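Everything on this sheet refers to the single structure shown next.
The values are calculated or read from the model by the stated rules, or taken from the named source; none is laboratory data. No experiment lies behind these values; they were computed from the predicted model shown. Ideal geometry is used to build each Cβ from the backbone, glycine not excepted, and the neighbour counts take in all protein chains shown. Ligands, DNA and RNA are stripped out before the accessible areas are found, and what is left, the full protein with its side chains, is counted by its heavy atoms. Shrake-Rupley method; radii C 1.70, N 1.55, O 1.52, S 1.80 Å.
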Amino acid sequence: PDENQQLMPLAEWRMEPPGCFRSAADGSGMESLLTERDQFLVSPAELIYPDEDYQIEYTAVAPEQPVDLSVILGHNVFGSPQGAMQYQVEDHGYCFSFGSFRNSFSGILRRHRVGSWGPILPQPGKRHRCRIEKIGGRFRFFVDGVRCYECIDPLPPTTRGNGWVHLYTYAAGSRFSDLKVSTRPTTLKSMAPARMQRLRETIFKAKRDDSS
């Protein structure tokens with residue numbers, strides 16, 4: 001996707017918790033400050049809508065003990081008292097993990113379940129160029145030009161509010177820079193999102209009826 005490309009000045013993004021990032025000393029983006037604590041840089045607005053395919057590119061540098069140079073796409077963390085990884089029942093998002101769980105896992109998570117995983121992990125001090133692609137229901141994650149993992153989601157989100165971009169780490173000294181977000185109209189057929197939303201509503205109604 002490249003019809004609508006935005007360069008993202010990360011210094012304008014919100015921090016959660018406040019003050020957990022600073023401008024890197026060499027001017028190369030934003031650097032995390034806290035050790036073993038969730039830290040987010042959150043887009044100032046919703047950047048991606050359900051009727052769009054997208055590409056998210058960013059540069060990330062891991063500290064000496066690399067852990068999590070990931071992207072979470074979903075609800076605005078500031079609107080959820082439970083944090084960015086908790087979603088309302090039918091409004092799921094994605095975590096595109098790169099070096100999660102103390103640098104033991106890279107893969108895509110949805111509903112806290114693994115959709116796919118890959119063998120590539122962050123290397124200490126190395127500048128990694130990461131790219132996330134969503135075309136229709138297919139998702140791919142590349143690191144330094146090499147495909148790390150790929151999966152298909154037959155029921156991607158179809159409602160607004162899931163397009164906030166979060167850069168996430170769990171370690172001090174992680175750096176993010178050169179973020180680009182590109183979007184274009186989805187390749188899904190025009191009626192597909194509405195049909196998927198009706199199917200989703202039917203499924204969750206059946207689950208509620210079954211549990212009552």
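Being open to solvent by less than 60 Å² (accessible area, probe 1.4 Å), polar (S, T, N, Q) and part of a loop (DSSP other than H, G, I, E, B) is a condition met by no residue of region 32-41. For region 117-132, a tally of residues being assigned to a strand (DSSP E or B) and either open to solvent by 60 Å² or more (accessible area, probe 1.4 Å) or without any contact (Cβ under 8 Å) to a residue 24 or more places away in the chain (or both) returns 5. For region 159-172, state whether one or more residues are crowded, with 18+ Cβ neighbours inside 10 Å, within 14 Å of the chain's Cα centre (by Cα), at pLDDT 90 or above and more than 26 Å from Asp51 (Cβ to Cβ). Yes - at least one qualifying residue is present in region 159-172. Just one of (1) among the hydrophobic types (A, V, I, L, M, F, W, C); (2) within 19 Å of Phe96 (Cα to Cα); (3) out of contact with any Asp or Glu (no Cβ under 6 Å at 6 or more places or on another chain) fails for Phe40. It is (3). Just wondering, is there one or more residues in region 54-61 that are in contact (Cβ under 8 Å) with a residue 24 or more places away in the chain and open to solvent by 20 Å² or more (accessible area, probe 1.4 Å)? There is at least one residue in region 54-61 that is in contact (Cβ under 8 Å) with a residue 24 or more places away in the chain and open to solvent by 20 Å² or more (accessible area, probe 1.4 Å). Restricting region 133-158 to residues that are of a type in the set (A, V, I, L, M, F, W, C) and open to solvent by less than 50 Å² (accessible area, probe 1.4 Å), the residue that is farthest from the chain's Cα centre (by Cα) is Leu155.
Just the residues that are surrounded by fewer than 17 Cβ atoms within 10 Å (Cβ to Cβ) and touching a helix residue (DSSP H, G or I) at 6+ places or on another chain (Cβ under 7 Å), please, taken from region 42-53. Selection gives Pro44, Asp51. When region 14-31 is limited to residues that are open to solvent by less than 70 Å² (accessible area, probe 1.4 Å) and small (Gly, Ala, Ser), the one that is farthest from Pro63 (Cα to Cα) turns out to be Gly19.
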